[in-house]
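The values are calculated or read from the model by the stated rules, or taken from the named source; none is laboratory data. Nothing here was measured: the structure is a model prediction, and the numbers come from that model. Reconstructed Cβ throughout: ideal geometry from the backbone, glycine too, with neighbour counts over all protein chains shown. With ligands, DNA and RNA removed, areas are computed over all heavy atoms of the protein, side chains included. Shrake-Rupley method; radii C 1.70, N 1.55, O 1.52, S 1.80 Å.
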Amino acid sequence: MNFYLLDLFVNPDSGTIIWMIIIFIIVWVILKRFAWKPLLNALKEREDSIADALSTAEKAKLEMSRLKADNERIIREAQKERDLILKEAKDLKNSILEEAKKQAKEESKKILAEASKKIEEQKAASIAEMKKQIVTFSVDIAEKILSQELSDSSRQEKMIKEIVDDIKFN
Amino acid sequence: MNRITTILVIGILLTTTPLFTYASSDDNSTASGFNAGEFVMHHISDSYDWHIMSIGEKHISIPLPIIVYSKTKGLNCFLSSRFDHGHSSFNGFKIEENGTNKGKIVEVIGNTMNTDNTAELPWDLSITKTVAGIMVSVVLMLMIFISAGKAAQRNKGKAPTGIQNFVEPVILFLRDDVAKPAIGEDKYQRYMPYLLTIFFFILINNLLGLIPIFPFGANVTGNISVTLALALFTFIVTTVSGNKHYWKEIINPDVPTLLKIPIPLMPLIEFIGMLIKPVVLMIRLFANMMAGHMIISIFVALIFIFANLFGPTVAYSVAPFSILFGVFMTLLDVLVSFIQAYVFVFLSAIYIGMATSEHH
């Protein structure tokens, strides 16, 4: 077996080292300028923009929830207001009804009172009329009766006598 | 545990290598037949030309540029095809065929193939197979990531498109699960370009090394020179970014005075620890990738070994199993490629994090 080349092989060769150093430095400089910088920058920018977008989304979410809460509050308030307005309207209606009823009652009372007063008046007037007529009738009747009763003298005497008897002296 | 095993394996490898080398010099019995060791080593080691295939005795390979500098002959640039696969010399240089410098470029005396063994080795800056492999992977890397970067700029504020989709999750993973926890939220950004570059460099080279078709398949990350350079970068980045606290922990750690004053035991240990960290990085990646390539090559070599020993019939019956195991090992190496790239970058991040942390 011939292993002489192995000997050559683990002995570093200065020419290769020099070439390697030169080539590596050139590659390093070129890649640093034209590859790593743009690539690393692109990665960084993308990460930043993603982080930005995420934080914006988070903010938007927060804003949304705030708006939602706001909306709910507004709706709640509106509902409350509506309830209040409805209640007021009801109250108003009730009070109006009450008032109307009261007024109607009062009116009816007044009308009743007036009516009864009128009736009273008419009654009084009719009574007065009746009295007047009754007086007339009574005078007429009395006239007729008297004319009949006092037609003979005996009856006149009897009557006088009765009247005289009736008169009591006390 | 993994680290200890790796170090052990490499230790054994390093200590026994001279034995093999020695043994090889007087072993000529395999010269006529198939040499499995040579075959495997050839597939995982560096070379001056990019071998594609051999048909019979004819080798088809892509010649690569040789750049050597010597004090006597100055700077020389030519294609490796001039060496005629190591059989001839050119411009006073040749690839040494034996001895301690075997496989390296040496100077020859005059126009002959003779060399002066005591002479200094020339400076070798050749574009070897490994360097060419690095260049191929780097071109691919630049294409992928620059287009991803452009896409990122184009799609500002929009969804990612195309290649950007594949790259971004990995970058995100490295940023959020490696750099941030290891270095810390406030300092990781400075080190991201470095960590991304080494991660993708290692990963792409690991994966391309598994593709056995030209222009891929060079054993880049299984080459100790490459991993040494990578570990060196991590060491430099760590040391440069080390803060007051880090240096204080090395020079004057919080331990009983007796451990520091007569003999600076703890500072010494801390200092060695500082140096061992990148060494461990270097050896782990190298050993893992080299082993993967080696095992796949060995499974292929097994067919030829059997052919040599028992004839072609046995070799044909062994071949399906060899291929099956080879496929299995390749798939395993895909996994190892990701794991090793991750481990390298993760440990680098941890070392940087240790150097920059304010308190424990």
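Structural remarks
- Backbone geometry of the stretch A:149-156 corresponds, through the Karplus equation with coefficients 6.51, -1.76 and 1.60 at θ = phi - 60°, to 3J(HN,Hα) couplings of 5, 9, 6, 10, 6, 4, 5, 5 Hz, x marking Gly and Pro.
- For the protein assembly as shown, a Kirkwood radius taken over Cα pairs fed into Stokes-Einstein (25 °C, viscosity 0.890 mPa s) yields D = 76 µm²/s.
- Between B:F93 and B:V108, the built amide H atoms are under 5 Å apart, and every one of these is 5 or more places off in sequence or on another chain.
- Counting Cβ atoms of other protein chains within 10 Å of each residue's Cβ and taking the mean over peptide B:225-232 gives 6.
- Solvent-accessible area of the protein assembly as shown (1.4 angstrom probe, protein heavy atoms only): carbon and sulfur portion equals 66 percent.
- Buried surface for the B/A pair, taken as the accessible area of each chain alone minus that of the pair with a 1.4 Å probe, is close to 5100 Å² in total.
- Surface exposure of the stretch B:56-127, expressed per residue as accessible area with a 1.4 Å probe, stands at 61 Å².
- Of the whole protein surface, A:E120 contributes about 110 Å² of accessible area at a 1.4 Å probe radius.
- Residue-wise HN-Hα coupling along the stretch B:258-263, computed from phi with Karplus coefficients 6.51, -1.76, 1.60 (Hz; x: Gly, Pro): 4, 7, 10, 7, x, 10
- Members of A:K32/B:K71; B:K180/B:K244; B:K129/B:K187 lying beyond 32 Å, as alpha-carbon distances in this model show: A:K32/B:K71; B:K129/B:K187
- The candidates A:L54, B:L125, arranged from most to least accessible area with a 1.4 Å probe in the full protein assembly, appear as A:L54, B:L125.
- When the charge dipole of chain B is built from unit charges on Cβ atoms (+1 for Lys and Arg, -1 for Asp and Glu) and taken about the Cα centre, the candidate among B:Q164, B:I127, B:P215 whose Cα reaches farthest toward its positive end is B:Q164.
- Shape class for the stretch B:154-262: oblate, because the ratio a/c of the largest to smallest gyration tensor axis (alpha-carbon atoms, square roots of eigenvalues) is 1.5 or more and b/c is at least a/b.
- Charge-dipole axis of the protein assembly as shown as Lys and Arg at +1 and Asp and Glu at -1 on Cβ define it, positive-most pick from B:V314, A:N41, B:I261: A:N41
- Evaluated over chain A, the Cα radius of gyration and Dmax, each in Å: 66.8, 207
- Between the amide H of B:W50 and those of B:I62, B:L64, distances stay under 5 Å, these residues lying 5 or more places away or on another chain, with hydrogens modeled in the peptide plane.
- Overall form of the stretch B:129-356 per C-alpha gyration tensor (a/c, 1.5; a/b vs b/c): oblate
- Cα centre as origin, Lys/Arg/Asp/Glu Cβ charges: the protein assembly as shown dipole, Debye: 980 debye
- Peptide-level mean, for A:119-131, of C-beta atoms on other protein chains within 10 Å: 0
- For the stretch B:284-298, 3J(HN,Hα) per residue [Karplus equation, 6.51 cos²θ - 1.76 cosθ + 1.60, θ = phi - 60°, Hz, x = Gly/Pro]: 4, 4, 4, 5, 5, 6, 5, 4, x, 5, 4, 5, 4, 4, 5
- In this view, the solvent-accessible surface of A:E88, computed with a 1.4 Å probe and all protein chains in place, comes to about 110 Å².
- B:D176 contributes an accessible area of around 60 Å² to the protein surface, as traced by a 1.4 Å probe with all chains present.
- Overall, the anisotropy analysis places the stretch B:60-104 in the oblate class: the square-rooted eigenvalues a ≥ b ≥ c of its C-alpha gyration tensor yield a/c not less than 1.5, with a/b not exceeding b/c.
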